Ligand code: NCD
């Protein structure tokens, strides 16, 4: 593996290996002193053209726990504001001799574009509405550990599917490891190619989450949405919001995921977000372990010294 750009193009065995590696790293995160020398001397650069709280911070923590340097380029303060194009920014980063680039961009395909132009590993931290593979992996790890397996589970992804890169990475990752994926939401928020995806589509919430083992709730991606796709936020919430009441249709042991940021009272009620069924905080912790696994795999951790304390 040189890059991690999509789960669609990542082999099932590579996904399994990344999840196993992440599970092994969870122990390090629980230590009082969270520091191992695994990636000492390596440097990761993060470039986020879109805002982020969880993803950028957890990449940075993952790198630092493994003793790699973590350098963030804040796009608002970079030469991008002077008109530098993506290609020139990428070539600059390559010349700086970083060992790995983590990129988030509003255009689908931006991470692929970067990977084709620079020789170092590239991790897609979200490209437009296309994919967000590390989010897909951390969702899979959370589900696998809560339920003991992925194979045969019924996972309902609810909400704004068409604008969601999280949904696409979940669909490819989960189905490759044997889960049954349902997409649930209004037809205006379903991707036009839904019939070519390995999923079942539901436009009714109760039917879509009936008996589901996992409900993964998505934010309305208003920043990517054309006007007129929804009658109103209130109407959306009434028909597709996950509340304690609507969740009764799911399996009694259902777990609820949300990639964040949450819009409480819109796609998910505060009661559900804070309930025992919610795995949202576990997802965030698992994000660090998954990103450690990705950085370790791509930055050649195997060849690095691991014996020193
Ligand atoms: C998601 C993203 O940016 O794609 N958030 C995240 O990475 N945790 C989902 C979202 O913004 O709603």
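Computed from the coordinates by the stated procedures, all read-outs in this text should not be read as laboratory data. Given the structure is predicted, the values throughout are model-derived calculations rather than measurements. Please note: Cβ atoms are built from the backbone with ideal geometry, for glycine as well, and neighbour counts cover all protein chains shown.
Assorted remarks:
- Across 164, 232, 107, mean-square fluctuation computed from a Gaussian network of the chain (C-alpha pairs under 10 Å connected) peaks at 232.
- Residue-span extension gain [residue 69 to residue 146] - 0.36 nm each, minus C-alpha spacing: 24.5 nm
- The angle between the Cα long axis of helix 12-30 and the main principal axis of the chain comes to about 80°, on a 0 to 90 degree scale.
- Against the chain, whose longest principal axis comes from its Cα atoms, helix 133-147 is set at around 60 degrees.
- Rg and Dmax over the alpha-carbon atoms of the chain stand at 19.2, 60 Å.
- Cα gyration tensor, region 79-238 - rounded (a/c under 1.5), prolate or oblate: oblate
- Between 101, 150, 230, the residue with the greatest mean-square fluctuation in the GNM of the chain (Cα pairs under 10 Å linked by springs) is 230.
- For the pair region 273-288 and region 53-102, the centres of their Cα atoms are 27 angstrom apart.
- Efficiency of FRET from Cβ geometry, residue 281 and residue 235, R₀ 22 Å, rounded to 0.05: 0.15
- Residue-span extension gain [residue 226 to residue 33] - 0.36 nm each, minus C-alpha spacing: 64.7 nm
- Modelled this way, with points 7 Å down the Cα-to-C-beta line, the labels at residue 200 and residue 96 are 4.8 nm from one another.
- Springs join every pair of Cα atoms under 10 Å in this Gaussian network model of the chain, and among 181, 123, 80 the largest mean-square fluctuation is at 80.
- Where only DSSP H runs of four or more residues are counted, the chain gives -11000 deg cm²/dmol as its mean residue ellipticity at 222 nm, each run worth -39500 (n - 2.57).
- Principal-axis tilt of helix 280-298 within the chain, Cα atoms, nearest 10 degrees: 40
- Averaging the Cα positions of each part gives two centres, and for region 193-259 and region 137-177 these lie 13 Å apart.
- Additional length obtainable on full extension of the chain from residue 193 to residue 262, 0.36 nm per residue less Cα span: 22.2 nm
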